[in-house]
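Working notes, structure below.
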Amino acid sequence: MKKVKKAIIPAAGLGTRFLPATKAMPKEMLPIINKPTIQYIVEEAIEAGIEDIIIVTGKGKRAIEDHFDSAFELETKLLEAGKLELLKEVQRSAKVELHYIRQKEPKGLGHAVWCARRFIGNEPFGVLLGDDIVTGKVPCLRQLIDQYETYGKSVIGVQNVASDMTHRYGVIDPGERRDRLYSVNRFVEKPKPGTAPSDLAIMGRYVFSPKIFDYLELMEVGAGGEIQLTDAIQKLNEEEQVHAYQFEGTRYDVGERLGYILTTLSFAMKSKDLRQDVLDMMASMLKEERYASAFEYRGGVDHGLASTAGGV
Ligand code: UTP
């Protein structure tokens, strides 16, 4: 069986939930503290053993290519200044071959993956969404590759979500289960509230056999007016079984605003330099908030007083 050595990162979406920030800047470049989201994803692919990555970009996404370009002047300056840790950080993504292709119109995730078909050729490959970060002991993509290389079936990363959240995801109707691996009866894209076949949601990591391109080729616009990857996965599952794997790790949805804030806070909590300051800041914000709402509750409307209270 061929090894999985290539991966696609679709990053050509419009990022409308982050407008106006994403008018001229790709949402995949929004930083989580000091590192752009897409760099975390590239690093996951490298750790998973991927040798070639193709990033699907679109209009207004030049910053992604510039970010991963070698920065000779910056690197020389860091070297001269003896800032070797920073230099190592800047050079981290140099361990992989990065390629780019343009999706001329954002016609959906399925279409973005299809745009990379010539680069992939007749090999199995990974897909990592450009706005989903996953952390954990074993890189999420590696966990899926291990399943692919054991069973020879395409495999989709899933995790449990709250049952009132299933309408925001692609969801599986699980069949047989072996430990964390499921066969799948059906894949459903964004089921209407209350109709989801399970709470196991597709989470932005996939390993596919190249056969998926045959279905993407035939796909028409589906839910939300876009060419949906989930619809092609459903077809592929009917021809050659597709597995779902409940991966270990924490998944952060950086593509929506609350998820972005939570991700930033979680990463700050893990940072030795930032943790205590952020905790202190949050504690004082909470105190301020409680004081203000207690004051409002008592019918207070004197904002001068409330802001004095805020300073306590
Ligand atoms: P999203 O649907 O989360 O991204 O796609 P979006 O469309 O940019 O976001 P909103 O809804 O307008 O705020 C998940 C990933 O797939 C890529 C996105 O760039 C993102 O990384 N994508 C999406 C494409 O590459 N092409 C598309 O046509 C759609």
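Read-outs: derived from the displayed coordinates by stated rules, not from any lab. Treat the numbers as computed from the prediction; the structure is a model and nothing was measured. Neighbour counts are summed over all protein chains in view; Cβ atoms, including those assigned to glycine, are modelled from backbone coordinates with ideal geometry.
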Mean Cα-pair separation over length for region 1-96, i.e. relative contact order, pairs under 8 Å, 6 or more apart, %: 35 percent
Where only alpha carbons of region 151-289 are counted, the Rg and the Dmax (Å): 18.7, 59
Tensor-based shape of region 166-220 (alpha-carbon gyration tensor, a/c under 1.5 rounded, otherwise prolate or oblate): oblate
Most fluctuating residue given options 290, 251, 205, as computed from a GNM of the chain linking Cα atoms under 10 Å: 290
Normalised contact order of the chain, rounded percent, pairs of Cα under 8 Å and 6 or more residues apart: 20 percent
Modelled FRET efficiency - R0 35 Å, residue 71 with residue 14, Cβ distances, 0.05 increments: 0.80
Geometric extent, Cα atoms of region 98-145 - Rg, Dmax (angstrom): 12.7, 37
Partners for residue 88 among lysines (Cα-Cα distance below 22 Å; same-chain residues under 8 apart left out): 35, 77, 137, 270, 272
Area projected by the alpha carbon convex hull of the chain, averaged over all directions, nm²: 20.3 nm²
C-alpha long axis of helix 140-151 to longest principal axis of the chain, angle in °: 20 degrees
DSSP beta bridges in the chain [antiparallel fraction, %, rounded to 5]: 60 percent
Inter-part distance where region 1-75 and region 252-291 are each reduced to a Cα centre, Å: 24 Å
Rh by Kirkwood over Cα pairs, then Stokes-Einstein D for region 1-115 at 0.890 mPa s and 25 °C, µm²/s: 161 µm²/s
Within the chain, helix-based [θ] at 222 nm, where runs of 4 or more DSSP H residues each add -39,500 (n - 2.57), nearest 500: -11000 deg cm²/dmol
Fraction in percent of alpha-carbon pairs per bin - 10 Å, region 119-182: 15, 46, 34, 5
Potential extension, residue 47-residue 265 segment - 0.36 nm per residue separation minus Cα distance: 76.1 nm
Loop sites in region 7-77: GluC sites (Glu not before Pro), DSSP, at most 15 other Cβ within 10 Å: 51
Å³ per residue enclosed by the Cα convex hull of region 201-264: 111 Å³
